[in-house]
Amino acid sequence: MTGAVIYTCSHRRGGNSDRAAALLAEGVRDAGGAAEILPLRDYEIQHCLACGFCDKHTDKRDRDRCALGRKDQAWEAFAPLFTARTVLLASPVYFYHLPSRLKAWIDRGQQFWTARRGGEPWVADLPERAVRAVLVAGQPGGEKLFEGARLTLKYFFRNFNLTLADPLALRGLDGPGDLRARREFEEAVAELGRAAWRESA
């Protein structure tokens, strides 16, 4: 297993999710680990075609399991999930859910669900690890504001034998510099990074 991988999932560069990813990386490094930040917006990701290719081609693996596997960069984004010692994610919440590019990438994970359900060792035998998420919302209220995002992430990451811890849910951060103005939130995010690395040993 390699170091920590941190996905930042906002369509906006330099906003609160990017700041959260940087703080997570800072926390990992403070704890003695190595961290790589992957901005998902930098990857070309086509939407799932629901074509059934991954169900019919159980002899294939890696990028060849999906009909689109060699037509975009979804696999490049998936690859660290097989090798990272711990996984972290920072994402905004839009309309009570995840942003569209992240959700499109998650939908392409159908291939791994199929492989895991079939007991294919390249997926089913991955080591058990933890995944931690920072979810950032502009809205200050809403009882179930983070629930849709949490459930989707939980079941997506399960395909890689990754168990989602309770997300760090931050409310009332709308403008791109809002997180920087909340010292207590920044420290909580950095501590999450430190804990992620310490607990992955």
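FYI, it's all coordinate maths here, none of it is from the lab. Remember, it's a predicted structure, so these values are computed and weren't measured experimentally. Please note: Cβ atoms are built from the backbone with ideal geometry, for glycine as well, and neighbour counts cover all protein chains shown.
Kindly indicate the residue of region 63-85 that is closer than 19 Å to L162 by Cα and free of Cβ contacts under 8 Å to residues at least 24 places away in the same chain and also surrounded by the most Cβ atoms within 10 Å (Cβ to Cβ) among those meeting that condition.
Step one: list which residues in region 63-85 are closer than 19 Å to L162 by Cα, which gives 74-85.
Applying the additional criterion that residues be free of Cβ contacts under 8 Å to residues at least 24 places away in the same chain yields 75, 79.
Values: W75: 19, A79: 14.
So the residue we want is W75.
Would you please name the residue that is nearest to the chain's Cα centre (by Cα), looking only at residues in region 53-102 that are among the charged types (D, E, K, R) and not in a helix (DSSP H, G or I)?
If we filter region 53-102 for residues that are among the charged types (D, E, K, R), which is where we start, we get 55-56, 59-65, 70-72, 76, 85, 101.
Checking the rest, the ones that are also not in a helix (DSSP H, G or I) come to 59-61, 70-72, 85.
Working: D59: 27, K60: 24, R61: 21, R70: 21, K71: 22, D72: 18, R85: 14 Å.
In this case the residue turns out to be R85.
Yes/no per residue for (1) touching a Gly at 6+ places or on another chain (Cβ under 6 Å); (2) surrounded by 19 or more Cβ atoms within 10 Å (Cβ to Cβ); (3) of a type in the set (D, E, K, R):
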| site | (1), (2), (3) |
| --- | --- |
| F157 | no, yes, no |
| L162 | no, yes, no |
| D174 | yes, no, yes |
| G193 | yes, yes, no |
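Does D18 meet the test of being over 22 Å from L162 (Cα atoms), within 16 Å of the chain's Cα centre (by Cα), charged (D, E, K, R) and surrounded by 18 or more Cβ atoms within 10 Å (Cβ to Cβ)?
Details: over 22 Å from L162 (Cα atoms): yes; within 16 Å of the chain's Cα centre (by Cα): yes; charged (D, E, K, R): yes; surrounded by 18 or more Cβ atoms within 10 Å (Cβ to Cβ): yes.
Here the answer is yes, as D18 does meet what is asked.
Quick check on region 87-98. Is at least one of its residues in contact with a strand residue (DSSP E or B) (Cβ under 7 Å, 6 or more places away or on another chain) and small (G, A, S)?
Yes, because at least one residue in region 87-98 is in contact with a strand residue (DSSP E or B) (Cβ under 7 Å, 6 or more places away or on another chain) and small (G, A, S).
From the set of residues in region 21-46 that are closer than 20 Å to C66 by Cβ and surrounded by fewer than 15 Cβ atoms within 10 Å (Cβ to Cβ), which is nearest to the chain's Cα centre (by Cα)?
First pass over region 21-46, keeping only residues closer than 20 Å to C66 by Cβ: 38, 40, 42-46.
Now drop any that are not surrounded by fewer than 15 Cβ atoms within 10 Å (Cβ to Cβ), which leaves 42, 44.
Working: D42: 14, E44: 16 Å.
Among them, the one singled out is D42.
Condition check: part of a loop (DSSP other than H, G, I, E, B), over 19 Å from F160 (Cα atoms) and not acidic (D, E). Does G33 satisfy that? If you could, list the steps in order and put the result at the bottom.
On the way: part of a loop (DSSP other than H, G, I, E, B): yes; over 19 Å from F160 (Cα atoms): yes; not acidic (D, E): yes.
So G33 fits the description; yes.
Between W122, W105, which is in a helix (DSSP H, G or I), surrounded by fewer than 17 Cβ atoms within 10 Å (Cβ to Cβ) and touching a residue at least 60 places away in the same chain (Cβ under 8 Å)?
On the way: W105 fails: surrounded by fewer than 17 Cβ atoms within 10 Å (Cβ to Cβ).
Answer to the check: W122.
Would you say A181 is buried (at least 16 other Cβ atoms within 10 Å of the Cβ) and of a type in the set (G, A, S)?
For A181, the condition - buried (at least 16 other Cβ atoms within 10 Å of the Cβ) and of a type in the set (G, A, S) - is not met.
Go through region 39-69 and give me each residue that's farther than 23 Å from S10 by Cβ and not charged (D, E, K, R).
L49, A50, C51, G52, F53, C54, H57, T58, C66, A67, L68, G69
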